[in-house]
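Values quoted throughout were computed directly from the atomic coordinates according to the rules given, and no laboratory measurement underlies them. What you are looking at is a predicted structure, and each value in this text was computed from that prediction instead of being measured. All Cβ positions, even for glycine, are placed from backbone atoms using ideal geometry, and neighbour counts span all protein chains on display.
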Amino acid sequence: MWKYPKDFPILDQKIHGHKLTYLDSAATTQKPKVVLEALQNYYETLNANIHRGVYQLSEKATEAYENTRKHVAKFIGARDPSEIIFTRNATEAINLVAYTWGEKNISEGDEILLTEMEHHSNLVPWQLLATRKGAHLKFIPLTDEGTLDLKNLDAFFTPKTKLLAVTHMSNSLGTINPVSKLIEKAHQNQTTVLIDGAQAAAHLKINVSELNADFYAFSAHKMLGPTGVGVLYGKKEILEDMPPFLGGGEMILEVYKDYSTWKPLPEKFEAGTPNIAGVVAFSAALTYLENFGMENLRQHEKELTQYALGRLKELEGLRIFGPMDISLRGGVISFTYLDIHPHDLGTVLDHQGIAIRTGHHCNQLVMRRYDVSATARASFYLYNTKEDVDILIEGLQKAKAYFDRGSKKGA
Amino acid sequence: MAWEALNDLYREVILDHYKNPRHHEKIEPHDVEQEGFNPLCGDQLTLQLKINSGKIENVGCWGKGCSISQASASILTECIYGKALEEVLSEASFFKEVMQGKSKIEEKDVGDLEALSGVQKFPVRIKCALLAWTTLEEALRFYEKTHVSSLK
Ligand SMILES: Cc1ncc(COP(=O)(O)O)c(C=O)c1O
């Protein structure tokens, strides 16, 4: 028996009379007991505002908060904890870059290079920036298999290409992109690179220094941590050169009537009281992942995904999106089934206790590329098992039988 | 059991409208064309109306989306065909009230629309059922702006 589901209290419940089968971890993961306990413990023993009090409690809270910063730095291979900025989520981390680095470095006529598989969070901030500045967006297209079409990659880089913003792993296609190669290419062209790691940081072993990424953004809630905590990694020299994002308490050094000066990194980018409890508990999530092992996690998800792809292919009328080569795909499978609309599928599966995502997954460009308005999506994490896949397959077969009933009698 | 609850959502009338949508065509000429979107699901539809002497003389509707949103659109076309605009608007607000649990569907004779009352027990699907009706209201608001005298 796979012992890990036991660590997740929420999984031990019934939905519509069936055991909950949670297959939506790409949206957010469930939280292990140790993370919930860390939250509780913070409020019971440490709660105080940070970077403010001279009293012991505040000192301890500050230390716990800063320990998570060190932990995150180590977890993703950053050289220095001051390169880790806490935000609310990956979306805010990306917006931080758009509003500070972007404001300073993007001018009229410049080009921002994206891909057709970007999550709206790594697309809309750049649209807004481009509109403010009169810059242009360009898109690396997708192949029919759901990978980036890099045939004409050279042609996408021009002297005007100031930024490449690309996802490390797609949340709808599951595709793992060759970001190392893209970063190298971009740097040869003096192009700065932001990697959207919202999916990848949760599922792959990451080393931002080896990758040589300029920015790397992700969310704690997709990797066992609490909601309301995001991370922006940025290279120190780039962060230092950026103007502040939000103004207010915590981020200032000296304040006069008409101007202020900023604290050094990382406080410069952390205005106001942050999600202290969430940040502190995030460290427990990282420890859990370290104990599990990111390589083991990847191996577990590969096996599950391979198994799921095989079983899904047995179903007639089931269309799978994204690469079939398991080395290019994380634990995410988008699909459509016969002519059953994904929402109807989602409702019928829900009534069997199975939670999947349905819709456009904040990826309308991907939906348009493959000419569908919505898909169903199953995604896995360390608590999922082959049994969950079997339950999904059975659920799909029951859904088919259920809607067949309609066409026979309704005729 | 769970399947019984589902049967309340997916009544046969609904599946029939989904598979054989009524007035599923472009109409020429028309006075208003209105698009409706449900950003959560990607449901989308286009509604065309031909209005004459304060009545819906003809209607066309098509789109993409789940069975509930598309069946609701098909039922809507039957509900409003040939009716006076005031009557159509009051039907729309009645259906909204039913979905919000403020009115009971039995209070009025609404034909096939009755079949959609089960959606009320599925909060996340209420938006799907309402899409056609909010699109209709927008279409009529637009019509009112451009043809003030026809609508009181
Ligand atoms: C690839 C990708 N980028 C960005 C995001 C945005 O993450 P968040 O909503 O936590 O800001 C997500 C999650 O939905 C994602 O999957």
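Based on alpha-carbon centroids, what's the gap between segment A:73-139 and segment B:98-126 in Å, whole number please?
Computed from Cα coordinates, the inter-centre distance equals 45 Å.
Quote the FRET efficiency, to the nearest 0.05, computed for A:Gln188 versus B:Lys121 with a Förster distance R0 of 51 Å and r equal to the Cβ-Cβ distance. Show your work: numbers first, answer last.
On the way: r = 59 Å, r/R0 = 1.15.
Taking R0 as 51 Å, the efficiency between A:Gln188 and B:Lys121 is 0.30.
In whole angstrom, how far apart do the alpha carbon centroids of segment A:171-226 and segment B:15-33 sit?
First find each Cα centre; the distance between them is then 46 Å.
Hey, got the dipole for segment B:2-146? About the Cα centre, +1 on K and R Cβ, -1 on D and E Cβ, debye to the nearest 20?
Result for segment B:2-146 is approximately 340 debye, rounded to the nearest 20.
Past the 23 Å Cα-Cα mark, which pairs from A:Lys386/B:Lys121; A:Lys133/A:Lys162; A:Lys70/A:Lys263; A:Lys205/A:Lys263?
A:Lys386/B:Lys121; A:Lys205/A:Lys263
Between segment B:41-58 and segment A:50-68, how many Å separate their Cα centres?
If we compute the Cα centre of each part, the gap is 62 Å.
Using DSSP H assignments, which helices in chain B have an axial alpha-carbon span of 24 Å or above and a mean Kyte-Doolittle hydropathy of -1.0 or higher?
B:126-146
Evaluate the distance, in nm, between pseudo-label points positioned 7 Å from the Cα of A:Arg79 and of A:Phe139 along their respective Cα→Cβ axes.
Modelled inter-label distance: 3.6 nm.
Rounded to the nearest 500 deg cm²/dmol, what is the calculated helix-only ellipticity per residue at 222 nm for the protein assembly as shown, with -39500 (n - 2.57) per DSSP H run of length n ≥ 4?
Computed ellipticity for the protein assembly as shown at 222 nm equals -12000 deg cm²/dmol.
Rank these for me by crowding, A:Val54, A:Val34, A:Val366, going from fewest to most other beta carbons within 10 Å.
Taking fewest neighbouring Cβ atoms as first place, the list is A:Val54, A:Val34, A:Val366.
Of the beta bridges DSSP finds with both residues in the protein assembly as shown, what % are antiparallel, to the nearest 5?
Within the protein assembly as shown, antiparallel bridges account for around 70 percent of the total.
Label-point separation (nm) for A:Leu128 and A:Lys104, each offset 7 Å from Cα along Cα-to-Cβ?
Here the modelled spin labels are 1.9 nm apart.
For a test of the definition: using alpha carbon positions, the gyration tensor, and the 1.5 limit on a/c, classify segment A:334-411 as rounded, prolate or oblate.
Because a/c hits 1.5 or more and a/b fails to exceed b/c, segment A:334-411 counts as oblate.
For chain B, what's the relative contact order in percent, using C-alpha pairs closer than 8 Å and at least 6 residues apart?
26 percent.
Roughly how many nanometres apart are two label points built 7 Å out from the Cα toward the Cβ at A:Glu303 and A:Thr45?
Here the answer is 3.6 nm between the modelled labels.
Is the C-alpha gyration tensor of chain A telling us rounded, prolate or oblate? Criteria: a/c under 1.5 is rounded; beyond that, a/b larger than b/c is prolate, otherwise oblate. Show your work: numbers first, answer last.
Details: a/c = 2.12, a/b = 1.32, b/c = 1.60.
It comes out oblate by the Cα gyration axes.
Using a Förster radius of 25 Å, what is the FRET efficiency between A:Asn291 and A:Glu59 based on their Cβ-Cβ separation? Nearest 0.05, please.
Values: r = 28 Å, r/R0 = 1.14.
Given R0 = 25 Å and the Cβ-Cβ separation, E is 0.30.
DSSP H helices in chain A with Cα extent of 20 Å or more along the helix axis and mean Kyte-Doolittle hydropathy at least -0.5?
Membrane-span-like by this rule: A:276-292.
Tell me, B:Ser90, B:Ser72, A:Ser121 in order of fewest to most beta-carbon neighbours within 10 Å?
So the ranking, lowest neighbour count to highest, is B:Ser90, A:Ser121, B:Ser72.
Taking 0.36 nm per residue of separation and subtracting the Cα-Cα distance, what length does fully extending A:Ala27 through A:Asp258 add?
Here the segment from A:Ala27 to A:Asp258 would lengthen by 78.8 nm.
List A:Ser283, A:Ser170 from most exposed to least, where exposure is judged by having the fewest other Cβ atoms within 10 Å.
Neighbour counts put them in this order, fewest first: A:Ser283, A:Ser170.
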